[in-house]
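Here's the structure, in structure tokens; my notes come after.
No lab work stands behind these numbers, since they all come straight from the coordinates. A quick note: this is a predicted structure, and the numbers were derived from the prediction, not measured. Note: ideal-geometry Cβ built from the backbone for every residue, glycine included; neighbour counts use all protein chains shown.
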Amino acid sequence: MIRTLKVLSLLLAYPTEEIGAAAPSFSTVLDEEGLVPEGRREPLRRLASQLSERGLYDLEERYVLIFDRTRSLSLHLFEHVHGESRDRGQAMVELKELYAANGLEMPPNELPDYLPLFLEFLSTRPFDEARGYLADIVHIVSALKERLLRRRSIYAGVFAGIEALAGAKADRQDVEELLGRPDDDPHDLEALDRVWEEEPVTFGGPGPNAAASCGPDRVAAQIRAGRRAPPAAGGARGVD
């Protein structure tokens with residue numbers, strides 16, 4: 001197992017008492033594996049300390065404000081690739097089949113493109129394979145990092161760590177096109193209601209030929225499919 005990816009997965013997951021209890025060990029894992037450069041580990045250590053020391057309610061409130069009420073910071077990868085297009089449902093099916101073919105059981109009520117789940121899956125794969133997948137999403141990761149840096153959010157450090165592990169530099173045009181899309185205001189409850197009213201993405205279970213029909217190349221193609229789509233105009237709004 002690539003334990004560093006497991007740590008990054010937990011740092012990005014919704015805060016729980018269990019994660020808080022495990023957080024003091026995260027720095028040791030990062031130091032022992034040394035996959036994230038030393039200069040990028042300090043924000044990860046600080047976030048781990050917060051998860052273990054701060055009140056759970058405050059941690060949950062911050063997480064929801066950033067990731068659940070800010071669509072432009074969604075941790076669902078295909079939100080940034082396919083949006084609400086029909087292609088998103090098919091991409092979900094193929095990613096779920098990839099997990100099933102490799103023995104990963106998805107948590108109930110979770111979508112397969114949830115970044116912490118994706119990182120957990122990659123933690124079980126050979127390093128070169130995991131790095132290849134990270135390179136495929138590095139443009140999304142870089143855009144999310146920049147949005148979080150504008151908000152001075154400690155979570156930006158997790159995305160910087162993922163960038164380092166990817167071993168590839170994001171195409172700047174891809175990043176700029178993602179950053180050019182509307183950046184939500186988490187305090188705009190009417191906009192949030194409109195998001196909730198949208199039709200949810202649905203997808204079926206693994207098919208009988210999952211292992212044959214869905215592999216790294218196919219899923220990578222789905223992730224790359226949204227690059228250089230026409231961006232919508234929009235500006236950033238701050239979140240504490």
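Among Asp171, Asp58, Asp128, Asp113, which comes first, then next, by fewest other beta-carbon atoms within 10 Å? Let's see the in-between values first.
Working: Asp171 14, Asp58 11, Asp128 8, Asp113 26.
Ranked by crowding around the Cβ, least crowded first: Asp128, Asp58, Asp171, Asp113.
Between the amide H of His76 and those of Leu115, distances stay under 5 Å, these residues lying 5 or more places away or on another chain, with hydrogens modeled in the peptide plane.
Taking 0.36 nm per residue of separation and subtracting the Cα-Cα distance, full extension of the segment from Glu176 to Glu61 would add 38.5 nm. When both the stretch 101-145 and the stretch 1-60 are represented by their alpha-carbon centers, they are found 17 Å apart. Per-residue packing, averaged as other Cβ atoms within 10 Å, sorts the ranges 51-57, 35-41 into the order 35-41, 51-57, beginning with the highest.
Our compactness index for the stretch 82-168, the C-alpha radius of gyration over the empirical 2.2 N^0.38 Å, is 1.15. For Ala168 and Asn109, the difference between the fully extended length at 0.36 nm per residue and the C-alpha to C-alpha distance is 18.0 nm. The residue list Gly89, Gly132, Leu104 was ranked by how far each Cα lies along the charge dipole of the stretch 1-148 toward its positive end, using unit charges on Cβ atoms, and Gly132 comes out on top.
Starting from the Cα of Arg46, move 7 Å in the Cα-to-Cβ direction to define the label point; list residues of the stretch 149-169 whose amide nitrogen is under 15 Å from there. Within reach of a label on Arg46: 149-161. Identify the residues of the stretch 123-161 with backbone N under 16 Å of a label point that sits 7 angstrom from the Cα of Ala101 along the Cα-to-Cβ direction, or state none. From the stretch 123-161, the list is 125-126, 129-130, 133.
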